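Below is one structure; the comments refer to it alone.
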Amino acid sequence: MLAIYRREVHSYFTSPIGYLLIAFLLLMNGFYFTAYNLQNGYSNYGLVLYNTLIVLLVFCPLLTMRSFSEERRQKTDQLLLCAPVRTVEIVLAKFLACVTVIGVPFAVFCTCPLVLSLYGTVEFSISYGAIFAWLLMTCACLAVGVFFSSVTENQIVAALCGFAVLLLSYLSGGITSLVTSSAGAAVACLAVICLALGFLVWYMTRSRVLAGAAAGVGLVVLLALYLADSAAVVSALSAAMGAIDLFEPFLVFINGIFSVTSVVYYLSVIVLFLFLTVQSLERRRYN
Amino acid sequence: MIEVKHLTRRYGKLLAVDDISFSLQPGRIYGFLGPNGAGKSTTMNILTGYLAAAEGSVTVNGWDVFEEPQAARRQIGYLPEQPPLYPEMTVLEYLRFAAGLKKVPAKQAQLEQILERTGLTGVQHRLIRTLSKGYKQRVGIAQALVGDPPVIILDEPTVGLDPLQRIEVRELIRGLGGEHTVLLSSHILSEISEVADVVLILSHGRLVAQDTPENLARRAAGTNRHQLLIKGKAEAVRAALQGFPVSGLEIAEAGEGLVRVQLESDADVREALFWSMAKAGCAILEAASASVSLEDIFLELTGEEEAARAAEAKAAAEIAAARAAAEESEAAAADDAAQSAAAPEGKEEA
């Protein structure tokens, strides 16, 4: 595991990609830091992180796109998968290498509240809580990106899939307010989610029966729920869209609350997507 | 060392490996021979744990590849069909990485020995992306040797190499025998016949033969076949050959008082032939034993497999046709019975 981790970190820092992405992230944060904190005098560094959330939609897929897809394209995945290393170790090594790259901007962000404290009073707990939450949130986004990198050997496709999913997550709040206006729209939206779930089951198992059963059960339950209580469908959709919103739990930290629920949520997302990545790699042995 | 039992692998409906079983003994060199698509790489990928099998078992040094994959993989050094190289690393960095991956200490002395053995000492600090194809192949082999695993599996190790490099790689593989069990694959017959102690011939996913190249040749030839050019008359030659345990005797006049003779014998009759012809006053001007090349064996065995498949398909088609005919005749008989049963009623109605 250590060998793979070292090689990954080495490859990020011996090619321009690592430096460019870090520079891009720092530039955007630096811009907002100057505008909000230095020029307008806001002491909460979390506001800077909140305003640069959209940067993560591009940053994370670009950082993770080559994790597994490049290995597959170069056929070096054979070296890893034939080595006496467990698949979970390979996935963890790749993921931790990505986390190491974001460790650089994270370290820079940690200095920002200290800089601000030179000019006035800073609520360190709020700022550092937000930075901690940003780290967890970014790790969750990276886990999503690593998963999409494992499903294709095309880096661009991996990056686009990761971007699309993160964008959907980013916009989920707005989409929820649009589709919860009527029960019909909510049913349509949940039906799409059921079908997407069915596709995911098919992709992981290549079993049409299982995928059809998963999507079918979801649709039947949805229909039954709609016929029994249409208002429940709307609340179910709100809950479903809330669950896929990776960015909402971060806002709690900016408001000065250290939410254990949010921490557990981010850790769950990380574990879920790393688990899916392991399954995606193991599936290749059978297909 | 390696025990393979009833190994089967499917790609969708395609049966890539069809119930093959074999065992590899320590210190010997085994050659997988088969045309493209015969299932060589798939079998090797299963042995190394890269692919799963639909059925069957593989044990390496007693470790089950599917049940205890880490322990089994520790026993194997593998060079896949396309060498798994990271172009941005130097050769030495790559070998150190391979050592880390295999969880063995990257001792400088051992790495230097591998570099020396594979002829990479001069390029050890060069980036892999700048190396020629031949050197890249060597780096792949060097990677397989890291950790000194007891089993070395090489999938088409000489592909893309020039003739000189091929000879060098062959020498290297020969040198690995004895210390390691080596399994290499190739669709080039000469590669296998020159290096392997035992040849395993695969065709359409089936193991059609497994023996030493010499035994395979003997088996394919069936008998010792000799061709002679003798100075003398055909009758005298025929008389001299009376009582010899030979078969397939053909004697033909070759002009200018010469006779061309072809014969087959299970026993070695060369010396007896010489004395018999000398006694008859017939000088043997030329004598040659017909040899069977591995190519002949390969074509014969894979041809047999093709013929067996064709026969199977033909038999299946005949059975299907017979069934269809039987069903048709049954249906016709049922119709006749129905008509004959309906006829009296009609008469009654009439």
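The values are calculated or read from the model by the stated rules, or taken from the named source; none is laboratory data. Fair warning: this is a prediction, and the values are worked out from it, not measured in the lab. FYI the Cβ positions are ideal-geometry reconstructions off the backbone, even for glycines, and counts take in every protein chain you see. Only protein heavy atoms, including side chains, enter the accessible area calculation; ligands, DNA and RNA are left aside. Shrake-Rupley method; radii C 1.70, N 1.55, O 1.52, S 1.80 Å.
Here are a few things to note about the model shown:
- The stretch B:264-287 and the stretch A:265-282 have Cα centres spaced 79 Å apart.
- Working value for the stretch B:38-192: equivalent-ellipsoid semi-axes of 24, 19, 14 Å, each the square root of 5 times a Cα gyration tensor eigenvalue, largest first.
- Solvent-accessible area of residue B:121 with every protein chain in place, 1.4 Å probe, in Å² to the nearest 10: 60 Å²
- Rounded accessible area of residue B:286 (nearest 10 Å², 1.4 Å probe): 100 Å²
- Extent of the protein assembly as shown along its three principal axes (Cα atoms, max minus min coordinate, largest first): 123, 107, 41 Å.
- The interface between chain B and chain A buries about 2400 Å² of solvent-accessible area in total (1.4 Å probe, ligands and nucleic acids excluded).
- Taking the protein heavy atoms of chain A in the context of the full set of protein chains, the accessible area attributed to carbon and sulfur is 73 percent at 1.4 Å.
- Each of residue A:206 and residue B:286 was given a label point 7 Å from its Cα along the Cα-to-Cβ line. The distance between the two points is 5.7 nm.
- When only Cα pairs below 8 angstrom with a gap of at least 6 residues are kept, chain A shows a relative contact order of 25 percent.
- Cα-based equivalent ellipsoid, the stretch B:1-51: semi-axes from gyration tensor eigenvalues, Å: 20, 12, 10
- Temperature 25 °C, viscosity 0.890 mPa s: under these conditions the Stokes-Einstein estimate for the stretch B:54-108, based on its Kirkwood radius over C-alpha pairs, is 187 µm² per second.
- Helix-only CD estimate at 222 nm, as mean residue ellipticity for chain A, using -39500 (n - 2.57) per DSSP H run (n ≥ 4): -27500 deg cm²/dmol
- Averaging Cα coordinates gives a centre for the stretch A:102-126 and one for the stretch B:166-194; these two points are 62 Å apart.
- Look at where the Cα atoms of the stretch A:1-56 and of the stretch B:1-47 average out, and the two centres are 50 Å apart.
- Hz values of 3J(HN,Hα) by residue in the stretch B:269-275 - Karplus curve (6.51, -1.76, 1.60), Gly and Pro given as x: 10, 4, 5, 4, 4, 4, 5
- The Rg/Rh ratio of the stretch A:6-118, with both radii computed over alpha carbons and Rh defined as the Kirkwood radius, is 1.10.
- Over 32 Å (Cα to Cα) - which of B:107/B:133; B:13/B:133; B:13/B:102; A:94/B:13 fall in this group: B:13/B:133; B:13/B:102; A:94/B:13
- With semi-axes defined as the square roots of five times the eigenvalues of the C-alpha gyration tensor, the equivalent ellipsoid of the stretch A:169-230 measures 24, 16, 5 Å, largest first.
- Rounded to the nearest whole Hz, the Karplus-based 3J(HN,Hα) values (6.51 cos²θ - 1.76 cosθ + 1.60, θ = phi - 60°) of the stretch B:194-201 follow the sequence 7, 10, 7, 7, 10, 10, 10, 9, with x at glycine and proline.
- The accessible area of residue B:5, taken with all protein chains in place and a 1.4 Å probe, comes to roughly 110 Å².
- For the stretch B:1-128, relative contact order (Cα pairs under 8 Å, six or more residues apart, normalised by length) works out to 21 percent.
- In sequence order, calculated HN-Hα J values of the stretch A:187-202 (Karplus, 6.51, -1.76, 1.60; Hz; x Gly/Pro): 5, 4, 5, 5, 5, 4, 5, 4, 5, 5, 5, x, 5, 4, 5, 4
- When the P(r) is computed for the stretch A:99-194, the part past 23 Å accounts for 51% of the Cα-Cα pairs.
- Evaluated over chain A, the Cα radius of gyration and Dmax, each in Å: 20.7, 64
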